[in-house]
Amino acid sequence: MKATRPIRIITSLSIAVVSISAIAWLGLGQISGAIKRVDVFGSIQDRPEKPTSALNYLLVGSDTREGLSKEQSKLLRVGTTKSAAGARSDTMLLVHISKARDRATIISIPRDSLVTIPEHQSSLYKDRTVAAASGKINAAFAWGGAPLLIKTIENETGVRIDHYVEIGFAGFADVVDSLGGIDVCSKRDINDPKSHLVMSAGIHTLNGVEALKYVRTRDFDGMGDLGRMQRQQQFMSAVLRKVTSTGVLLNPIKLVNFFNASIATVKTDSQLNTSDLVTLAKQLKNLSASKVRTLTIPLGNSNARVSGLGSVVTWDKTLAPDLFNRLILDLPLVDEVTPSPSASSSPSAASEPTIIDKFKTRTADENPCGALK
């Protein structure tokens, strides 16, 4: 009897784990069919080659008001779908997942980046073709939606986009609320009259509406969109830490609520199907926050001015191409260089490798305000 009890306990635990996993994957399989899919690749020609099986997702945060409740619109002070029709690309993230699915990179693309927007059909006059011209990258989304934005990014970077995900205000707020809020930490007081965010320095647990204000704020520290991108990266890292915690992954109710909230206003490319999502989720189950790095495309000039366009940012002519080449070939962004042993050192003495992080990345498990705890 004594010998069989541990076996029963282990068996019960195993059955519980399997049951939780089955319920979670069943929930994913059921809800993924509700995702809104759009054809974003059909009209794109002359796309970059894909030398590896790594995945590149383009994640766009749209400022569409679709799905917001009257109460949420009032708290955000962003108006309704009638007063702010259409959608603009509020945030653009290029997410690279390695071919081994053991590391990921989240790259912020400044929306004022100076790029060449390819030739396209006029959004106002369907029978007119607009010639390729210089412009801000977020104008590509406004003028031609996801297809023109993807074409612009692929032309500028040489990186082939495999899948597209777009999430609106309502979907973002619901995702945060489904996780029970997200902890953020600010080193200074925030009082932004445009985003209407008022927050003292320190650690705060933000609900969906508060979090949306936080990732949109950019007019309180003099850093504009660059400061906002830093806060977005820190927020994404906090979400990753929360999602990969056992409290979410091993709780089928929280997990399914998270999945349900994630698709509230999400749109994906038509090629991203249920089996792709399930397969990717299984492949990433062991991906820890320490294996996820965040960064901004290296900039050459963050305060340039162009006639007719106003203030723009330009990409570094050396570092940006190096970054894109590493993504294309699925190479690490951080180099480890082992120094050669000096003549006076012992041949058996091990040399510590030097870490070279020229792209100034952060790992998602870093807490930028740890000292305030």
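The values are calculated or read from the model by the stated rules, or taken from the named source; none is laboratory data. This is a predicted model, so every value here is computed, not measured. With ideal geometry, Cβ positions are generated from the backbone for all residues, glycine too; neighbour counts draw on all protein chains shown.
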Looking at the structure I just gave you, is residue 167 among the β-branched types (Val, Ile, Thr), modelled with pLDDT of 90 or more and out of contact with any helix residue (DSSP H, G or I) (no Cβ under 6 Å at 6 or more places or on another chain)? no
So, in segment 191-219, of the ones that are in a strand (DSSP E or B) and either of a type in the set (Phe, Trp, Tyr) or under 23 Å from the mean Cα position of the chain (by Cα) (or both), which residue ends up modelled with the lowest pLDDT? 197
Please go through segment 287-312 and give me each residue that is within 30 Å of residue 245 (Cβ to Cβ) and part of a strand (DSSP E or B), ordered by number. 292, 293, 294, 295, 296
What's the total number of residues in segment 184-218 that are surrounded by 17 or more Cβ atoms within 10 Å (Cβ to Cβ) and either of a type in the set (Gly, Ala, Ser) or without any contact (Cβ under 8 Å) to a residue 60 or more places away in the chain (or both)? 15
Among the listed residues 166, 156, identify the single one that is of a type in the set (D, E, K, R) and closer than 30 Å to residue 248 by Cα. 166
Among the residues of segment 267-302, what is the count of those that are within 23 Å of residue 239 (Cα to Cα) and of a type in the set (Gly, Ala, Ser)? 4
Residue check, residue 200 in contact with a Cys (Cβ under 9 Å, 6 or more places away or on another chain) and hydroxyl-bearing (Ser, Thr, Tyr): no
Among residues belonging to segment 345-367 that are surrounded by 13 or more Cβ atoms within 10 Å (Cβ to Cβ) and among the basic types (Lys, Arg), point out the one that is modelled with the highest pLDDT. 358
Looking only at segment 163-190, which residues are closer than 23 Å to residue 220 by Cα and part of a helix (DSSP H, G or I)? 169, 172, 173
Test for residue 225: is it part of a helix (DSSP H, G or I), of a type in the set (D, E, K, R) and at pLDDT below 90: yes
Being at pLDDT 75 or above, buried (at least 16 other Cβ atoms within 10 Å of the Cβ), closer than 20 Å to residue 180 by Cβ and not basic (Lys, Arg): is that true of residue 235 here? yes
I'd like to know if segment 224-231 contains one or more residues that are out of contact with any Ser or Thr (no Cβ under 8 Å at 6 or more places or on another chain), among the hydrophobic types (A, V, I, L, M, F, W, C), surrounded by fewer than 21 Cβ atoms within 10 Å (Cβ to Cβ) and closer than 24 Å to residue 320 by Cα. no
Take residues that are closer than 22 Å to residue 266 by Cβ and of a type in the set (A, V, I, L, M) and tell me which of the strands (runs of 3 or more DSSP E) falling wholly in segment 87-162 contain 3 or more. 89-97, 104-108
For segment 136-157, give me each residue that is in contact with a Ser or Thr (Cβ under 8 Å, 6 or more places away or on another chain) and under 23 Å from residue 310 (Cβ atoms). 136, 137, 138, 140, 141, 142, 143, 144, 149, 152, 155, 156
I'm checking my understanding of the structure. Among residues of segment 291-310 that are over 23 Å from the mean Cα position of the chain (by Cα) and surrounded by 14 or more Cβ atoms within 10 Å (Cβ to Cβ), which one is farthest from residue 135 (Cα to Cα)? 304
If you go through segment 133-171 one residue at a time, how many are out of contact with any strand residue (DSSP E or B) (no Cβ under 7 Å at 6 or more places or on another chain) and aromatic (Phe, Trp, Tyr)? 1
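For segment 311-344, which residues satisfy the criterion of being of a type in the set (S, T, N, Q) and either closer than 17 Å to residue 229 by Cβ or loosely packed, with under 13 Cβ neighbours inside 10 Å (or both)?
311, 314, 318, 338, 340, 342, 344, listed by residue number.
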